[in-house]
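Input: a single structure, listed below in structure tokens.
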Amino acid sequence: MLIDPKILKDTSTQAAESDRMLGLFRRKKGNRALLNKIMIWMFGPLFLLWTIGLVITYFIAQNIANAPYDRALADHLRMIRHEIEQQAILDGITLPASAINILHGDTGHLVHWEIRDANGNSLGGNSSIPLPDNWAYDNDKIRMRNETIDKHSVRVAYVWGGRDADGMPFMTAVAQSNEMRATLQQEILTGMLTPQLIVLPLAALLAGLGLTQGLEPLNVLQERIRARRANDMSPISAELAPAEIVPLIAAMNSLLHRLAHTHETQRRFVANAAHQLKTPLAGMRTQAELALRERSPDKLNASLEQLVRGSERATRLVNQLLTLARAESPDGPQLRPGEQVDLNRLAEQQALNWVDAALQKRIDLGFERSAAPMTITGDALMLAELLNNLIENALVYSPPGGWITVRVGGDPLSAYIEVEDSGPGIPEEDKSRVFDRFYRVLGTDTDGSGLGLSIVKEIAELHEGTVEFMPTGSRLGKKGGTCLRVTFSRIKPQIPAPGHAAG
């Protein structure tokens with residue numbers, strides 16, 4: 001794509017605007033947003049795990065609180081059964097005073113007891129103790145469950161297998177309030193959770209401080225970038241940066257390198273355009289002023305013809321400058337790796353476009369196609385521009401009555417386009433410099449900008465091709481001439497993606 005003049009504004013203004021937007025972005029979403037995101041991802045799962053831990057802790061505390069009371073309740077159950085086994089339950093049940101004292105304990109530990117026969121009939125004790133939902137006649141196996149008596153939660157334990165003095169079987173049941181268990185469970189939970197409630201906020205505070213300190217290198221990097229001059233495109237040093245942000249710095253340095261290349265391309269384009277257009281524009285102005293003063297139609301027509309030729313040269317120069325900028329720009333031509341270009345067809349079409357110009361100069365312009373198809377991967381428009389510059393260069397330097405041959409050839413590994421002319425040739429000492437911009441061989445009495453071969457080289461390198469001088473033979477007994485060949489690889493050609501053009 002061609003460089004839009006709108007993008008050629010002052011680079012310092014662009015950098016200042018970017019710096020302002022960077023500061024605004026930091027104020028809105030800067031390191032604090034990153035810190036918040038890290039804190040959320042750290043403490044979100046941690047809070048979820050802490051909640052799960054609370055539930056687990058509750059059940060653990062419940063089991064810890066139940067264990068000693070269940071053991072005591074089992075002891076009371078065995079003691080009552082032992083006392084009843086010494087009696088005949090059909091004659092009445094009485095418990096000794098010592099057993100009653102143990103069962104009564106204090107008010108919070110009052111234990112109710114009951115004896116039932118095999119049919120579930122109450123034989124003694126507190127008949128309000130609920131019967132089990134499912135009878136289980138497992139002898140000597142103590143079973144426990146939670147029940148409600150008079151809207152109070154109680155713990156009930158019962159066991160079968162007791163036999164009185166007459167051998168009659170009976171069931172022994174005891175019940176105790178859960179209030180003391182709940183109190184113990186609450187104390188256990190308080191003891192276990194209080195340290196967590198104290199430590200967790202401290203851990204969050206310390207983690208926040210640690211993260212803030214850990215992210216400090218990002219703040220330092222930001223300040224270093226903000227302190228740089230607007231036109232400073234030098235790489236950012238990663239010596240003091242943590243290993244985690246070294247890839248970020250490397251990516252920023254790559255961006256700075258591309259920006260520097262773009263800036264240099266724009267600067268060179270503006271400088272070249274200003275330098276090269278100054279002379280033709282001055283000449284056009286001079287011819288226009290002469291035309292305004294002329295009264296003779298012949299002289300007026302001569303001035304206007306000079307003005308037209310000057311405008312044509314200026315137009316050609318601008319087009320060459322734009323082509324050169326397009327070829328070397330990192331945002332240059334959108335090469336499509338899948339576009340196949342037939343060099344035979346391309347060369348024939350472009351040679352036909354120059355037939356009229358060759359006839360006007362009495363030059364024999366010929367075309368020699370390759371016997372086999374020569375197809376490469378590339379950009380047809382850029383390749384056409386490359387060939388046009390080669391043909392135009394040959395037309396400019398070939399004398400009237402000379403000849404130019406456009407030739408296509410190659411093999412399975414490579415293909416080439418070749419332009420040979422009968423011009424004066426290029427001295428050996430100048431062959432290494434003719435591809436420099438604006439360089440022209442001394443002693444040639446021709447008009448030109450010195451950009452043609454520079455464009456050829458840029459487009460060739462863009463397609464990973466090479467440009468070289470080939471030996472010229474003798475034709476019609478005339479020696480000399482120039483033969484330039486552009487060679488392209490036909491084996492898995494790698495066309496640079498946009499943004500990586502040669503320059």
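What the table below lists for this structure:
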| quantity | calculated |
| --- | --- |
| Matching entry among Gly214, Gly162, Gly167 (being in the same structural domain as Gly125 (by TED's automatic domain parsing) and free of Cβ contacts under 8 Å to residues at least 60 places away in the same chain) | Gly167 |
| Residues of region 79-100 classified as in a loop (DSSP other than H, G, I, E, B) and closer than 14 Å to Gly125 by Cα, total | 5 |
| Subset tally (residues that are surrounded by fewer than 16 Cβ atoms within 10 Å (Cβ to Cβ) and hydroxyl-bearing (Ser, Thr, Tyr)) for region 397-428 | 0 |
| Region 370-398: number of residues that are free of Cβ contacts under 8 Å to residues at least 40 places away in the same chain and either outside any helix (DSSP H, G or I) or in contact with a Pro (Cβ under 6 Å, 6 or more places away or on another chain) (or both) | 4 |
| Residue count, region 79-102 (criterion: in contact (Cβ under 8 Å) with a residue 60 or more places away in the chain and surrounded by fewer than 18 Cβ atoms within 10 Å (Cβ to Cβ)) | 5 |
| Hits in region 332-352 (condition: surrounded by fewer than 16 Cβ atoms within 10 Å (Cβ to Cβ) and modelled with pLDDT under 90) | Gln334, Arg336, Pro337, Gly338, Glu339, Gln340 |
| Per-region count, region 221-245, residues surrounded by 12 or more Cβ atoms within 10 Å (Cβ to Cβ) and assigned to a helix (DSSP H, G or I) | 5 |
| Any hit, region 185-204, residues being in contact (Cβ under 8 Å) with a residue 60 or more places away in the chain, assigned to a helix (DSSP H, G or I), hydroxyl-bearing (Ser, Thr, Tyr) and surrounded by 10 or more Cβ atoms within 10 Å (Cβ to Cβ) | no |
| Candidates Gly425, Gly401 - the one that is part of a loop (DSSP other than H, G, I, E, B), touching a strand residue (DSSP E or B) at 6+ places or on another chain (Cβ under 6 Å) and modelled with pLDDT under 90 | Gly425 |
| Subset of region 467-503 (residues that are at pLDDT 65 or above and either over 18 Å from Pro424 (Cα atoms) or of a type in the set (D, E, K, R) (or both)) | Val467, Glu468, Arg485, Val486, Thr487, Phe488, Ser489, Arg490, Ile491 |
| Failed criterion for Glu464 (all others in (1) at pLDDT below 80; (2) part of a loop (DSSP other than H, G, I, E, B) hold) | (1) |
| Within region 259-310, tally of residues that are within 26 Å of Glu458 (Cβ to Cβ), exposed (fewer than 15 other Cβ atoms within 10 Å of the Cβ) and modelled with pLDDT of 70 or more | 3 |
| Count - residues of region 120-175 that are out of contact with any strand residue (DSSP E or B) (no Cβ under 7 Å at 6 or more places or on another chain) and under 26 Å from Gly92 (Cβ atoms) | 8 |
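The values are calculated or read from the model by the stated rules, or taken from the named source; none is laboratory data. Here the structure is a predicted model, which is why all the values come from computation and not from measurement. Using ideal geometry, Cβ is built from the backbone for each residue, glycine included, and neighbour counts are taken over all protein chains shown.
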